[in-house]
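Reviewing the structure listed below.
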Amino acid sequence: MKLNIVPARTGLQWVKLGLRTFMQQPFALTALFFLLMAFVSMSTIVPFVGAAIALALLPLSTLVMMVAAEDASQGKRPMPTVMVSAWRAGKLQLRPMAVLGALYAGGFLLCMGFSALFDGGQFAQLYLVGGKMTAETVQAADFQMAMWAFLAVYLPLSLLFWHAPALVHWHGVPPVKSLFFSIVACWRNMGAFTLYGLAWMGVFAGGGILMSVLSAVLIVSLGEAAAAIAAGVMVLAVMVMASMLFTSTYFTFRDCFTPTETGSGEA
């Protein structure tokens, strides 16, 4: 496996490829993303450890969307069967993916624990357990400090796991090595990933503005009864844009790594 260094403009190309591929199979990819999120949400009902299980399933969910994106880019229709893609290469993949999931859950909880140092755990409790979010809570200085502290430590964690599931699945890289290769690839291609992130921020901001305008038009045209419809449209729009984002992650991996003849997992 060879690590590729790509030009910064490639980040914009990843976004374009993600959007183009999504438009080839919009219903299949959105439905698959919805099924994955529903599956992750259902796992939270397990007593005591539900939240940890849900977190551990996120790397697998990322991999499933990448496999689906690969299928869509080849003109195939992604089917729900890709949800078992972690085991397509054989039983040997089960343990590495489980280890990767456990590492992600542990890392995420550590990030939450770090944020608790700033507000006594209010942000972490609201995120992990849920509860009533009030304007006073969100605007509190310690709550905002905890939120920014979490984001500061979560960014490196997300880079560690950005390519890791795909490296484990397609190249058979051990979990710990996959984390190292992932963050090195992101760091060496920081220009491309910066443009990639900024472009997606623009897409989400533009989509949010469009949905806000549409919601306002519905409420003005149909009255307050349209508020529920507008809320549903907003949720659907978020799901669609998230599906687009996750579709594009496959192209970031494809361009950052090139298979070698040996397939030894060396970068």
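Laid out as a table, the results:
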quantity: Every residue from segment 112-168 that is in contact (Cβ under 8 Å) with a residue 12 or more places away in the chain and part of a loop (DSSP other than H, G, I, E, B); calculated: 120, 129, 140, 163
quantity: Which numbered condition residue 14 fails, given (1) under 22 Å from residue 164 (Cα atoms); (2) modelled with pLDDT under 95; calculated: (2)
quantity: Hits in segment 118-137 (condition: surrounded by 12 or more Cβ atoms within 10 Å (Cβ to Cβ) and either within 27 Å of residue 53 (Cα to Cα) or at pLDDT 90 or above (or both)); calculated: 118, 119, 120, 121, 122, 123, 124, 125, 126, 127, 128
quantity: Subset of segment 229-267 [of a type in the set (Gly, Ala, Ser) and modelled with pLDDT of 70 or more]; calculated: 230, 231, 232, 237, 242, 243, 248
quantity: Some residue of segment 22-41 being of a type outside the set (Gly, Ala, Ser), at pLDDT below 90 and out of contact with any helix residue (DSSP H, G or I) (no Cβ under 8 Å at 6 or more places or on another chain); calculated: no
quantity: Qualifying residues in segment 172-228 (those that are at pLDDT 80 or above and among the hydroxyl-bearing types (Ser, Thr, Tyr)) - the one farthest from residue 244 (Cα to Cα); calculated: 178
quantity: Count of segment 1-30 residues which are hydrophobic (A, V, I, L, M, F, W, C) and free of Cβ contacts under 8 Å to residues at least 24 places away in the same chain; calculated: 2
quantity: Some residue of segment 41-49 being free of Cβ contacts under 8 Å to residues at least 24 places away in the same chain, hydroxyl-bearing (Ser, Thr, Tyr), surrounded by fewer than 20 Cβ atoms within 10 Å (Cβ to Cβ) and more than 22 Å from residue 164 (Cβ to Cβ); calculated: yes
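Matching residues to (1) surrounded by fewer than 18 Cβ atoms within 10 Å (Cβ to Cβ); (2) touching a Leu at 6+ places or on another chain (Cβ under 9 Å):
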| residue | (1), (2) |
| --- | --- |
| 180 | yes, yes |
| 216 | yes, no |
| 246 | no, yes |
| 253 | no, yes |
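The values are calculated or read from the model by the stated rules, or taken from the named source; none is laboratory data. Small disclaimer: the values here were computed from a predicted structure and weren't measured. Every residue, glycine as well, gets a Cβ built from its backbone with ideal geometry; the counts of neighbours run over all protein chains shown.
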